[in-house]
Amino acid sequence: MIRGLYTAAAGMLTSQSRHDTAVQNLANVNTPGYKQVNSVARSFPEMLLTMVGGNSDHPTSKIGKLNTGVFAEEALSIYQRGVVTETDNSTDFALVSDMEVKDPKTGQNIMFDGSGKSFSANGDVVYKPEAFFTVKGPDGQIRYTKDGNFKVDTNGQLLTSTGYQVLDSNNRAIVLTGSVDNFKVNEQGYILDPNTGARGARLGVSVVGQPFQMTRDGEGVFRIDDPQEAGVRPMGGTDRVEVRQNYIEASNVNPSDVVVDMNMALRAYEANQKVIQFYDKSLDKAVNEVGRV
C-alpha cells in the first residue's frame, strides 16, 4: 500500500513540473526568439516481483513486473523557428536558417522532424544544426541567443534587449560610429559602409551542430559548457543562413497547445492527489479501527 502512495506522489511532482514548464512557455509567448520547452517524463525502473516459499521443485515463482511511477527527467528546448515579422527598427535582426546534413552512407540530405532530430537505421540520433547570435554577458563569457531585438547604448555599443554585448565574427563588441538610421547589414551579416557600401565587420553568427547540448542561462540566452563537443563554429559561406535586418523572430510557442498541456497537467495532479487521499483514509482505518480488534 505504501508503494502506491509513493507512486502517486511521484505522479504529483511530475505533473507539477509539467505545469510549471507550460506556465513558463505561456509567460514567454511574446518574447522575441524564445524557444518552447517541453517537459520529458520517464518511468522509474520496473521491478520483477517473485513469490518466495514454493515447493522444493520451484522455490520461487515469478509474479510479474511492477512499475513504480514516473519522474520529470528534463526539459528539452524546441528550436523550430518562430514567425519572422518585419519591423521599422534598423537594429532588429532575425536569423533564417535551413541547415542541411548529408547522410555519410547515401549522400542524401537527412530529413528532420519538428524537434530537429532524425534517427538512423541503427538508432543513432542526428541533430539539425542551428544558427545563433553570439553575445557576451557581464561576466565576460560567450553566450548565444535567437533574440535579435537589439539596441544601441550611449557609447554606440550594439546590445541585446537584456544588455548583453553583441559580438562580431572575431568575438569583439560591435560599436556603431555613425547614425543608427544609416546602420545597414547585408544577408551575410556584414556591416556596410553607409557611403560606399563596402563591407566591414560581420555580425557574430555561430552554428551549433548539437543544439540540445545548450543550457538555458536566463534572459533569453544559452550557454555551452563544451563548445567543441557541441560542434560550435562560425557561420561559413556555404551555410544556409540568412541575416535579415528590420525583422524579428517571434516566439515559437503555440498558446493553444500550451493551455491544453496546462489543463492536462492539472487534471493529472488532481487524480494523483485523490489517490493519495484514498490511501490516507485506508491507512487511517487500518490503524485506528482494524488495529483495535
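Data for the structure
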read-out	value
About the Cα centre, charge dipole magnitude for the chain (Lys/Arg +1, Asp/Glu -1 at Cβ), debye	600 debye
Tensor-based shape of segment 177-293 (alpha-carbon gyration tensor, a/c under 1.5 rounded, otherwise prolate or oblate)	prolate
Segment 70-110: C-alpha gyration tensor shape, a/c 1.5 cut-off, then a/b vs b/c	oblate
Low-density loop cleavage sites - trypsin sites (Lys or Arg not before Pro) in segment 99-181, where at most 12 other Cβ are within 10 Å (DSSP)	Lys105, Arg172
Kirkwood-type radius of the chain, with distances r between different C-alpha atoms, in Å	22.8 Å
Most mobile listed residue (Gly231, Gly123, Gly148) in the chain, GNM with C-alpha springs under 10 Å	Gly123
Inter-probe distance in nm under a simple model that places probes 7 Å from Cα toward Cβ, at Lys105 and Gln80	2.8 nm
Estimated distance in nm for a label pair at Leu266 and Asp284, the labels positioned 7 Å out from Cα along Cα-to-Cβ	2.7 nm
Loop chymotrypsin sites (Phe, Trp or Tyr not before Pro), segment 135-182, which have at most 12 other Cβ atoms in a 10 Å radius of their Cβ (DSSP)	none
Partners for Lys128 among lysines (Cα-Cα distance below 25 Å; same-chain residues under 8 apart left out)	Lys35, Lys102, Lys105, Lys117, Lys136, Lys146
On Cα atoms only, tilt of 2-27 relative to the major axis of the chain in degrees	20 degrees
Candidates Phe71, Phe222, Phe278: whichever shows maximal mean-square fluctuation once the chain is modelled as a Gaussian network with Cα springs under 10 Å	Phe278
Helix 255-288 vs. the chain, principal-axis angle (Cα, 0 to 90°, nearest 10)	20 degrees
Reach of Lys274 by Cα under 30 Å, taken over lysines that are not fewer than 8 positions away in the same chain	Lys65, Lys285
Rg over Rh [alpha-carbon atoms, Kirkwood Rh] for segment 188-249	1.05
Asp225 paired with Asn182, simple spin-label distance in nm, labels 7 Å along Cα-to-beta-carbon	4.7 nm
Along principal axes, Cα extents of segment 69-192, largest first, whole Å	55, 41, 28
Table column - 3J(HN,Hα) (Hz), segment 146-162, Karplus curve with 6.51, -1.76, 1.60, x for Gly and Pro	9, 7, x, 7, 8, 8, 10, 8, 5, 8, x, 6, 8, 10, 6, 5, 9
Karplus (6.51, -1.76, 1.60) ³J(HN,Hα), θ = phi - 60°, over segment 214-226, in Hz, Gly and Pro reported as x	7, 10, 5, 10, x, 6, x, 10, 10, 10, 10, 6, 10
Probe 1.4 Å, accessible area per residue of the chain, Å²	59 Å²
Aspartates and glutamates with Cα under 18 Å of Lys184, excluding same-chain neighbours fewer than 8 positions away	Glu86, Asp88, Asp92, Asp153, Asp168, Asp193, Glu242
Whole-percent carbon and sulfur share, accessible surface of segment 142-193, 1.4 Å	40 percent
Cα convex hull of segment 156-213 - mean projected area over all directions, nm²	5.1 nm²
Calculated FRET value between Val29 and Arg233, using beta carbons and R₀ = 45 Å, to 0.05	0.90
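The values are calculated or read from the model by the stated rules, or taken from the named source; none is laboratory data. Here the structure is a predicted model, which means the values were calculated and not measured. Positions of Cβ are generated from backbone atoms using ideal geometry, with glycine treated the same way; all protein chains shown enter the neighbour counts. SASA here: full protein model, heavy atoms, side chains in, ligands and nucleic acids out. Shrake-Rupley method; radii C 1.70, N 1.55, O 1.52, S 1.80 Å.
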